[in-house]
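Here the structure is laid out as structure tokens; the discussion comes afterwards.
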Amino acid sequence: MTQIGEVALWVAFILALWGGVLAFAGGRRGRGTWVLSAERSVYAVFGLLIVSSGAIIAAFVRNEYGYKYVAGYSNRELSLFYKITGLWAGQTGSLVFWALLLALFSSIVVWQNRRKNREFMPYVSGTLLVVLAFFMGVVLFASNPFQLMDFTPADGRGLNPQLQNYWMTIHPPTLYLGFTAFTVPFAFAVAALISGRLDTRWITTTRRWTLLAWFFLTNGIIFGMMWAYVELGWGGYWFWDPVENASLLPWLTGTAFLHSVMIQEKRGMLKMWNVLLILGTFLLSIFATFLTRSGLIESVHSFAQNLTISWIFLGFLSFLVIVSAALVWWRRDAFEPENRLESAVSREGAFLLNNLVFIAAMLTVLWGTMFPLISEGITGTKITVGPPFFNRVNIPLGLLLLGLLGIGPVIAWRKATGRNLVRNFTTPVGVALAVGAVLWLSGVRHTYALLTFVLGAFTMTTIVVEFWKGTRSRARIEGEGLPVAFVHLMQRNRRRHGGYVVHAGFVVMFMGFAGAAYDTEEQMSLRPGEQMKIASPFGHTYTLTYQAMSAYPATNMTKVIASVNVAKDGRPAGVLTAEKRSYRQREEVASEVGIRRAWNEDLYLILAGIDDINGVVQGTNPRPIVTFKVLVQPLVPWIWVGGLIMAIGTLVALWPGAEPARPAAVKPKLRVEKMVDADAELVEA
Amino acid sequence: MKKQSRFMAGALVLVGVVGYLAVTGMKDSMMYYYTPDELATKVAADPSVRDLGAKMGGRVVPGSVQYDARTLDLRFTIVDIASGRTTFPVAHNGPLPDTFEEGRDVVVEGRLAADGTFQATTVLTKCGSRYEAVEEDFRA
């Protein structure tokens, strides 16, 4: 039965290759039927990949351990949920999953454009099919999930305990959704290059795809941080690990792209730059996959060093780089800008600076990540660079960005006048200085933390003022109540207002990062009944009393749980538990931390060591000595809240109907919108 | 045109600052990555290499692990994966990583003390479990 999946994959691979050739040939020679046939093969590939992925999932659910992939990532005791997610638990399956997602997006694109953008579509579907064929080719020739072993073990090896976590099951798919969705604007950029139509059409038509890709990529990265925070067990959420960096690279260029396209839409500038940014974003997402899969760079979560895969990826990457560069060179005369930069103090100037910051961050992260390879290539000795390098460069860049976030959206296009600057920035600067003064007086002396709050307050105020002005003028003109006016304001020009919300989330998240400057940590060995204390930077003290240790068996493991009573300044504040899980199938231990989450900080409890853990498991020693490590992590909850606000903002911008494309049917309403527009212009002018 | 050159000047300043930060950041966090064989050779040739600090990738020698769950003191012997010859005793204080076990490949970061013990500030285990050849595992 399961082999149907492999047959389907072969057919899909051949169809994708054939369809890809047909699409490009049909486009160049103007053969409509060829193009149509290629577009149909996109749907067929999607159908076949559903069959193939379904077969893999079925093999997991039916415990078919003759398959190497199933045996390696599952066992009989594993819950149904983790068996289904087995599709993307390992290298080979996740590549099939990747192709499935891409095929889904490709089908949607072909369907959306069945009657429009016809001059682009041959090259769009051609590009999508080539990328699809590549991923399926990797699976078939280098990493086949349908590979049978020459014997069938009675049970599988089970899933790595660290992956048996909710965030870990949704983190990879979310990231893949982001990477694959960026293929769509990439394909349109290629189509624009080949067809020579380099106006804004390819950008406006993929605007929502770009936002969707950004939405998934951003959330994928944040989910990964959440996973690291609860599962890696030392209170951190970002380690500048190569694999993390790899996912950050396309995010940085993608975010730059999201901003610079606005300059092209409004002012007809930066045409070549935008093409380069989207090409770069796609190339970097392929590069990220390559880096993750090849095991070329030492990483905590590297996959096995697989030379075949490395070479295939490297080959494809070189192919893409050469083709992209050749296309851009070929069309080099078609990028003539319609306007020029009139003043550095303008929205264009702010956006250009924003782009510069993102690119600088991307290049330094890339440099630091690749440095072990570069140094080994040149000097013969591997030299690694650690977090201090990444922090030294990226914290100042992040702070610069935080300030730009407040300036960019409100500064005037073309050339800001002194009056424009004074009117827009007096209040925010005042608020920022006040916040800085209050923090200074309450003893905050850490430079970066202080700067984060001051710049954050500045940016937050500009956003609030923007919303306030818009809401008030709308309420006045429409005669609406303020809440209604606010909702209507959000509905109009959603990209702009959604963008402000994303910026607000970004500010909140950065304040969460700044909390790390005030982390505190205590470590102590306790007998049952004994206490330890830890002070919070907010001034209060936690007292933790080690109550008891218990052991009990669960489905596929034995849990050893330490329970601790928490008191905050002497008042009871709940119970925290921290566990060690001993998995029966894999002879591995996994620690589970206990986290007490408050609005302003996390109390983070690590069960660092148990004296005589065997005695606890066997029930002979119920009162072991335990070593706890306790951290107070100020403002960490704000990181997740900021992420959530960013997600909501992106959804506001993404929601269908954002463009006011309706014809002028209702006249009075149009008049009002015009007046609100005029007001917005006034603010900008 | 003058406006554009002013913008370019600003951009150059930014690039310069980032470059300066990157170079100083590199100097502060650069660390040689050795195998036990390489570290032994380097130190034999020039004892001052000790003071630089390094990362070392090797394998935990079975039977060598001593861990005090109260003080969180960890001691084990690391051996060169390729040659299996050079060994170093490693000392570390901190919670035992979940995936740490005998025979596992680890990366330690720290410096080689005068008594020949590698004082590690961090011990990273490679998540080999996820990626080992499954078949070998079953045969064993």
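Quick notes on this one:
- Filtered residues of segment A:144-177 (kept if touching an Asp or Glu at 6+ places or on another chain (Cβ under 8 Å), away from every other protein chain (no Cβ under 12 Å) and surrounded by 22 or more Cβ atoms within 10 Å (Cβ to Cβ)): A:Phe146
- For B:Val18, the criteria (1) part of a loop (DSSP other than H, G, I, E, B); (2) crowded, with 18+ Cβ neighbours inside 10 Å hold in every case but one, which is (1).
- In the set A:Thr379, A:Thr384, only one residue is touching a strand residue (DSSP E or B) at 6+ places or on another chain (Cβ under 6 Å), within 12 Å of chain B (Cβ to nearest Cβ) and of a type in the set (Ser, Thr, Tyr); that residue is A:Thr384.
Table: residues versus (1) buried (at least 21 other Cβ atoms within 10 Å of the Cβ); (2) in contact with a helix residue (DSSP H, G or I) (Cβ under 8 Å, 6 or more places away or on another chain); (3) of a type in the set (Lys, Arg).
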site: A:Gly19; (1), (2), (3): yes, yes, no
site: A:Ala23; (1), (2), (3): yes, yes, no
site: A:Gly30; (1), (2), (3): no, no, no
site: A:Val51; (1), (2), (3): no, yes, no
site: A:Gly54; (1), (2), (3): no, yes, no
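- When A:Ser318 is tested against (1) surrounded by fewer than 20 Cβ atoms within 10 Å (Cβ to Cβ); (2) touching a residue at least 60 places away in the same chain (Cβ under 8 Å); (3) polar (S, T, N, Q), only condition (2) is not met.
- Among the residues making up segment A:346-388, those that are farther than 30 Å from A:Arg419 by Cβ, of a type in the set (A, V, I, L, M, F, W, C) and free of Cβ contacts under 8 Å to residues at least 40 places away in the same chain are A:Ala360, A:Leu363, A:Trp367, A:Phe371, A:Ile374, A:Ile378, A:Ile383, A:Val385.
- Residues (in a helix (DSSP H, G or I) and either of a type in the set (A, V, I, L, M) or surrounded by 20 or more Cβ atoms within 10 Å (Cβ to Cβ) (or both)) located in segment A:399-408: A:Leu399, A:Leu400, A:Leu401, A:Leu402, A:Leu404, A:Leu405, A:Gly406, A:Ile407
- Test: residue in segment A:92-115 that is farther than 19 Å from A:Phe13 by Cα and either within 14 Å of chain B (Cβ to nearest Cβ) or in contact with a Ser or Thr (Cβ under 6 Å, 6 or more places away or on another chain) (or both): no
- Counting only helices (runs of 4 or more DSSP H) that sit completely within segment A:9-116, those holding 1 or more residues that are without any contact (Cβ under 8 Å) to a residue 12 or more places away in the chain and small (Gly, Ala, Ser) correspond to A:32-61.
- Of all residues in segment B:80-108, those that are part of a strand (DSSP E or B), under 15 Å from B:Gln119 (Cα atoms) and either in contact (Cβ under 8 Å) with a residue 40 or more places away in the chain or at the interface with another protein chain (Cβ under 9 Å from one of its Cβ atoms) (or both) total 5.
- Residues in segment A:204-215 that are in a helix (DSSP H, G or I) and either buried (at least 24 other Cβ atoms within 10 Å of the Cβ) or within 14 Å of chain B (Cβ to nearest Cβ) (or both): A:Ala213, A:Trp214.
- Answer from A:Met262, A:Met269 - the residue that is touching a Lys or Arg at 6+ places or on another chain (Cβ under 9 Å) and in a helix (DSSP H, G or I): A:Met262
- Output for segment A:514-533, where each listed residue is buried (at least 17 other Cβ atoms within 10 Å of the Cβ) and in a strand (DSSP E or B): A:Gln523, A:Met524, A:Ser525, A:Leu526, A:Met532
- If the condition is being in a helix (DSSP H, G or I), more than 10 Å from chain A (Cβ to nearest Cβ), without any contact (Cβ under 8 Å) to a residue 40 or more places away in the chain and loosely packed, with under 13 Cβ neighbours inside 10 Å, then segment B:24-58 contributes B:Ala44, B:Ala45, B:Pro47, B:Ser48.
- Picking from residues in segment A:581-604 that are within 12 Å of chain B (Cβ to nearest Cβ) and assigned to a strand (DSSP E or B), the one that is modelled with the highest pLDDT is A:Glu592.
- Out of A:Arg62, A:Arg76, sole residue that is in contact with an Asp or Glu (Cβ under 8 Å, 6 or more places away or on another chain), farther than 29 Å from A:Ala213 by Cα and surrounded by fewer than 21 Cβ atoms within 10 Å (Cβ to Cβ): A:Arg76
The values are calculated or read from the model by the stated rules, or taken from the named source; none is laboratory data. On a predicted model such as this, the values are computed, not experimentally measured, just so you know. Methodologically, a virtual Cβ is constructed for each residue, glycine included, from the backbone with ideal geometry; neighbour enumeration extends over all protein chains shown.
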